[in-house]
Amino acid sequence: MKILLVEDNEMVAKGLIYSLEQKGYQISHKTRIKDTIEFLEKQKVELAILDISLPDGNGFYLYQEIIKEKEIPTIFLTAKDEEDDIVKGLELGAEDYITKPFSTKELIARIQKVLLRQKKNTVVTVQNIEFDLDKMVVYKNREELVFTSLELKILHLLFLNLNKVVTRNDIIDKIWEWTGNDVNDNTITVYLKRIREKLDVDIIKTIKGIGYRIDTN
């Protein structure tokens, strides 16, 4: 997957490029609006990570006039954390917005979520488990696993939040949303136990006292 990083802070850019390349992404790095426009005239990318404050202009302009026209999903990356800037970026059509300082792990999780939303037929693979998010089907070593509807929805929630903790309260709230039924903490424990038994592979991590997480690595 090809990602365009527009960031003039060389130290930030160097760290991001290293981390993203370790995850298998191809990174093209630009520091100025002019260079970015010239690059996009010749090259295609699947995602843009765009700083707002650039040496030769405003990232909002670059996004609105060039990147948005090319229908490239974009995450704004900036030191500005004022609410107006966040709202403006999202109202322009950006997929997400993250402020400095940030964790690289969080940014990678957001990138994965954006790319998942862009794909029409999304299959997410973690170890030997494949989850077709569109068809709502789970495979292990290419053999379909059978879950109840609610088990499948809980697992789907975890896969939609890769590298991010899904709290037990989040799951309880979702079950209420899906079924209209109240459940307690013990019920969540039972559901996760059943899901793990059916997966028979240790991909769901328990974050003690908080919730659960599936990591991509």
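The values are calculated or read from the model by the stated rules, or taken from the named source; none is laboratory data. Because the structure is a prediction, the values reported are computed rather than measured. Cβ sites come from the backbone with ideal geometry, for glycine too, and all protein chains shown count toward neighbours. Accessible surface areas use protein heavy atoms only, side chains included; no ligands, DNA or RNA. Shrake-Rupley method; radii C 1.70, N 1.55, O 1.52, S 1.80 Å.
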| the range 3-102 - Debye-derived log10 I(q)/I(0), Cα point model, q = 0.11, 0.14 Å⁻¹ | -0.28, -0.46
| query | Of the cross-linked pairs 2/105; 153/205; 30/70; 68/153; 70/205; 68/174, which ones have a Cα-Cα span greater than 27 Å in the structure shown? | reply | 68/153; 70/205; 68/174
| Per-residue HN-Hα couplings for the range 100-115 [Karplus 6.51, -1.76, 1.60; θ = phi - 60°; Hz; x = Gly/Pro] | 7, x, 9, 8, 4, 4, 5, 4, 4, 4, 5, 4, 4, 5, 5, 5
| task | Would you mind checking which residues have amide H under 5 Å from residue 48's amide H? H placed 1.01 Å from N; only 5 or more apart, or other chain. | result | 4, 74, 75
| said: Per 0.36 nm of contour for each residue apart, how much would the distance between residue 44 and residue 207 grow if the chain were fully extended, relative to their Cα-Cα spacing? | reply: 54.8 nm
| remark: Mean accessible area per residue over the chain (1.4 angstrom probe, all protein chains present, square angstrom) is 56 Å²
| Net charge dipole size for the chain [Lys, Arg +1 and Asp, Glu -1 on Cβ; Debye, nearest 20] | 760 debye
| field | the chain - convex hull of alpha carbons, volume per residue in Å³ | value | 144 Å³
| Around residue 150, what is the net charge, scoring Lys/Arg as +1 and Asp/Glu as -1 over all other residues with Cβ under 11 Å from its Cβ? | +2
| Once you list every other residue whose beta carbon is under 13 Å from the beta carbon of residue 205, what net charge do they have if Lys and Arg are +1 and Asp and Glu are -1? | +2
| request: Report the equivalent ellipsoid semi-axes for the range 108-217 in whole Å, largest first, defined as the square roots of five times the eigenvalues of the gyration tensor built from alpha carbon atoms. | output: 21, 16, 14
| So what J values fall out for the range 162-171 if you push phi through Karplus, 6.51 cos²θ - 1.76 cosθ + 1.60 with θ = phi - 60°, rounded to Hz, Gly and Pro as x? | 4, 6, 9, 6, 9, 6, 4, 5, 4, 5
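Rounded to the nearest 500 deg cm²/dmol, what is the calculated helix-only ellipticity per residue at 222 nm for the chain, with -39500 (n - 2.57) per DSSP H run of length n ≥ 4?
It lands at -13000 deg cm²/dmol.
Taking 22 Å as R0, compute the FRET efficiency from the Cβ-Cβ separation of residue 167 and residue 197 and round it to 0.05.
0.50
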